[in-house]
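*Asks:* What follows is a structure written as structure tokens; I'll ask about it next.
The values are calculated or read from the model by the stated rules, or taken from the named source; none is laboratory data. Not measured: the values here are computed from a predicted model. All Cβ positions, glycine included, derive from the backbone under ideal geometry; neighbour counts span all protein chains shown.
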Amino acid sequence: MKQTILGRMVVLTLIAVVISSVVSVVVVYGLHLDNIGAELIEDGDFIVDLLNETYTLEGFVASEAIQNSSTRITVVAPDGIVIYDNQANPATMENHGNRAEIIAALEQGEAQSRRLSNTLGIHTFYYAVLLEDGNVMRFAKETDSFLFTLYRMLSMILMIIVGVILIALWLGDKMANAIITPINNLDLDDPLGNDVYEELAPLLTKINRQNKAIKTQMLALEKQKERFETITTNMSEGLMLLDHYARIVYMNSSAFQILGEPGDVLSAFIGKGLLTFNRDLKLRQAVEKGLKGNIGETMLTIDENHYELLVSPVSDEGESAHGVIIIVVNVTQRYEVEKMRKEFSANVSHELRTPLTAISTYAELLKNNMVDPKDVTDFSTRIFEEARRMSSLVDDILKLSRLDEKVEINPKEDVNLHVLAKDVAQSLRPLAEMRKVSLEVTGEPATVFGDAGILFEMIYNLCDNGIKYNRQVGGKVAIDTKKAGDKVIMQIVDNGIGIPKDHHDRIFERFYRVDKSHSRKTGGTGLGLSIVKHAAAYHNAVIRLESTESVGTKVIIEFQSK
């Protein structure tokens, strides 16, 4: 602003000085010309009067005063021949009969004229008087032309301009400081509290209104920022924002934990390129696709976890992407469920195909009379057993399906687990006796809120496994129920063959068998323990397994007491 003020002052001063100088020269030059004309007439009249009174023409022109006069005096005969000239040889001079002032003097007695020589830059004044003897005496004075006069004064004018500019700069600096200093010292946080010249009052009022509006907007933005950070910080999904150079603008803690390395600091990567944070090829390809304006999707597998990565471009309509938004979602559970679904479908197909193949084969042999009459009963028995096995498998699949969907099969009620365990033991007593396994129920009455049928099935499956997978001599299965504070605990313990430790994590999976050949002999469907797991989840119970190979197995189910 200060430079602008000084510059404009210099320009205005320069213009003013130039204009005033030119105008002054014009005025002075005009007065100068008028003075020269008046002096020439006075001098001419004086000389003519003097000539008429005291001198003859010959004596007058021969006088020293006329010879040394600064005024040029020329005597011209009526025919235009120059008779005398005090500054030139008359013999060499041309005829002056055509000169305007000579012609006018011969007609009017006296005349004036002026002529400008552009080549010499000289302005000449003429005054002609008709003498008594018929000759014409012409007086002439020369002066510089206007442009030449202006040129001669140019150095003076330039000096004036320089001096005036210096003064203008000094005064301009003082004036600019007087204007700018109060502005620079303004307290913009409290505009109306400033004591400055009145011309700034409207500006300060407007600034005060804008300050209030900005404060309101900043408060709103701060609240939005807090809400955004609260939401994104507590998101389980990863969120990243990149600019059009793939530099990290924002990243929440979930994205940092998923894609970062242990020991790194999140803040160290803000403003840095994505490659400094993660060099995964799939991630980089998805980001490059997003920066080109397309949606990029990919799957990442990190530490046995599966993540779905979505890259969406941020751009105005018809423009290239200004950046991208990256969302990372943990789909491990969905991935595992999908994997389990595929495995389950494959297992169901396999388990159903085996009895169906057997039934079809035996039925085809019977149909074609290819079976010895004495073996018909045996074949029929096999068909019946396979059909029953297939029916059990379908029943178990339906039970699992209902438990998966948490469909309430029967209304929940108060169920005494101790009494229910005795009912299960009574049902399994024949099987236990056949396998020479002792079966007992101990503990105390313990009531839970649940579905008696599902709970019966859960206890039945655990005890059935305990009997079937037990030792041939001295086998035992014990069911114990008790209360422990606000919990009800049920334990099913056997001293059977046990489960190897490396199978503990998968024993509750559908169709999973530790020993497939032994399971086939026992006639199980492979869904019993999976039903137990889902039945426990249906009742919000926690199930734990403790088993040692060749020692036995303990299954602990912990319910919330009623």
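*Asks:* Please work out which one of (1) assigned to a helix (DSSP H, G or I); (2) modelled with pLDDT under 75 is the condition Q333 fails and give its number.
*Replies:* Every condition holds for Q333 apart from (2).
*Asks:* In the range 18-39, is there at least one residue being modelled with pLDDT under 80 and not in a helix (DSSP H, G or I)?
*Replies:* The answer is no; no qualifying residue exists.
*Asks:* Please pick out the residue among A91, A178 that is more than 30 Å from I207 (Cα to Cα) and not in a strand (DSSP E or B).
*Replies:* A91
*Asks:* Here is a list: E198, E222. Which entry is within 20 Å of the chain's Cα centre (by Cα) and either outside the structural domain of P313 (by TED's automatic domain parsing) or at negative phi (or both)?
*Replies:* Every option except E222 fails the conditions.
*Asks:* Among the residues of the range 277-295, write down those that are under 19 Å from the mean Cα position of the chain (by Cα) and polar (S, T, N, Q).
*Replies:* Result: N294, single match.
*Asks:* Return a yes/no flag: does the range 388-410 have any residue that is at pLDDT 75 or above, crowded, with 17+ Cβ neighbours inside 10 Å and either farther than 25 Å from E558 by Cα or not basic (K, R) (or both). Spell out the reasoning first.
*Replies:* Going residue by residue through the range 388-410, those that are at pLDDT 75 or above are none.
Looking for residues that are at pLDDT 75 or above, crowded, with 17+ Cβ neighbours inside 10 Å and either farther than 25 Å from E558 by Cα or not basic (K, R) (or both), one finds none in the range 388-410, hence no.
*Asks:* Within the group L188, L203, which residue is assigned to a helix (DSSP H, G or I), at negative phi and of a type outside the set (D, E, K, R)?
*Replies:* Going through L188, L203 in turn, the sole match is L203.
*Asks:* Go through the residues of the range 497-508 one by one and say whether even a single one is buried (at least 17 other Cβ atoms within 10 Å of the Cβ), among the β-branched types (V, I, T) and modelled with pLDDT of 90 or more.
*Replies:* no
*Asks:* Consider the range 489-507. How many of its residues are closer than 21 Å to G475 by Cβ, in a loop (DSSP other than H, G, I, E, B) and not β-branched (V, I, T)?
*Replies:* 4
*Asks:* I need a count of the residues in the range 252-273 that are at pLDDT below 85, exposed (fewer than 15 other Cβ atoms within 10 Å of the Cβ) and not in a helix (DSSP H, G or I).
*Replies:* Count: 5.
*Asks:* Another question, then. From the list I231, I248, which one is modelled with pLDDT under 85 and farther than 20 Å from G7 by Cα? Before the answer, list the steps.
*Replies:* Working: I248 fails: modelled with pLDDT under 85.
So the residue among I231, I248 that is modelled with pLDDT under 85 and farther than 20 Å from G7 by Cα is I231.
*Asks:* Further, regarding this structure: Inside the range 171-180, can you point out the residues that are of a type outside the set (D, E, K, R) and surrounded by 11 or more Cβ atoms within 10 Å (Cβ to Cβ)?
*Replies:* Scanning the range 171-180 gives L171, G172, M175, A176, N177, I179, I180.
Table: residues versus (1) closer than 30 Å to G172 by Cβ; (2) modelled with pLDDT of 80 or more; (3) surrounded by 14 or more Cβ atoms within 10 Å (Cβ to Cβ).
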residue: R8; (1), (2), (3): yes, no, no
residue: L57; (1), (2), (3): no, no, yes
residue: A77; (1), (2), (3): no, yes, yes
residue: N89; (1), (2), (3): no, yes, no
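*Asks:* Based on what the data block shows, is T143 outside any helix (DSSP H, G or I) and either out of contact with any Asp or Glu (no Cβ under 8 Å at 6 or more places or on another chain) or touching a residue at least 12 places away in the same chain (Cβ under 8 Å) (or both)?
*Replies:* Yes: the conditions hold for T143.
*Asks:* Here's something else I'd like to know. Quick check on the range 91-110. Is at least one of its residues touching a His at 6+ places or on another chain (Cβ under 9 Å) and under 27 Å from D34 (Cα atoms)?
*Replies:* The answer is yes, given that some residue of the range 91-110 is touching a His at 6+ places or on another chain (Cβ under 9 Å) and under 27 Å from D34 (Cα atoms).
*Asks:* Also, I was wondering about something else. Take A104 and tell me if it is assigned by TED's automatic domain parsing to the domain that holds I41, within 24 Å of V48 (Cα to Cα), part of a helix (DSSP H, G or I) and small (G, A, S). Give the derivation first.
*Replies:* Details: assigned by TED's automatic domain parsing to the domain that holds I41: yes; within 24 Å of V48 (Cα to Cα): yes; part of a helix (DSSP H, G or I): yes; small (G, A, S): yes.
In short, yes.
*Asks:* Could you tell me which numbered condition K215 fails, if it satisfies all but one of (1) over 29 Å from L12 (Cα atoms); (2) touching a residue at least 12 places away in the same chain (Cβ under 8 Å)?
*Replies:* K215 satisfies all of (1) over 29 Å from L12 (Cα atoms); (2) touching a residue at least 12 places away in the same chain (Cβ under 8 Å) except (2).
*Asks:* Related question: Does V477 satisfy being modelled with pLDDT under 85, surrounded by 20 or more Cβ atoms within 10 Å (Cβ to Cβ) and of a type in the set (V, I, T)? Steps first, please.
*Replies:* Values: modelled with pLDDT under 85: no; surrounded by 20 or more Cβ atoms within 10 Å (Cβ to Cβ): yes; of a type in the set (V, I, T): yes.
No; evaluated as a whole, the condition is false for this residue.
*Asks:* May I ask you to list the residues in the range 136-159 that are farther than 24 Å from I41 by Cβ and crowded, with 16+ Cβ neighbours inside 10 Å?
*Replies:* Selection gives L150, M153, I157.
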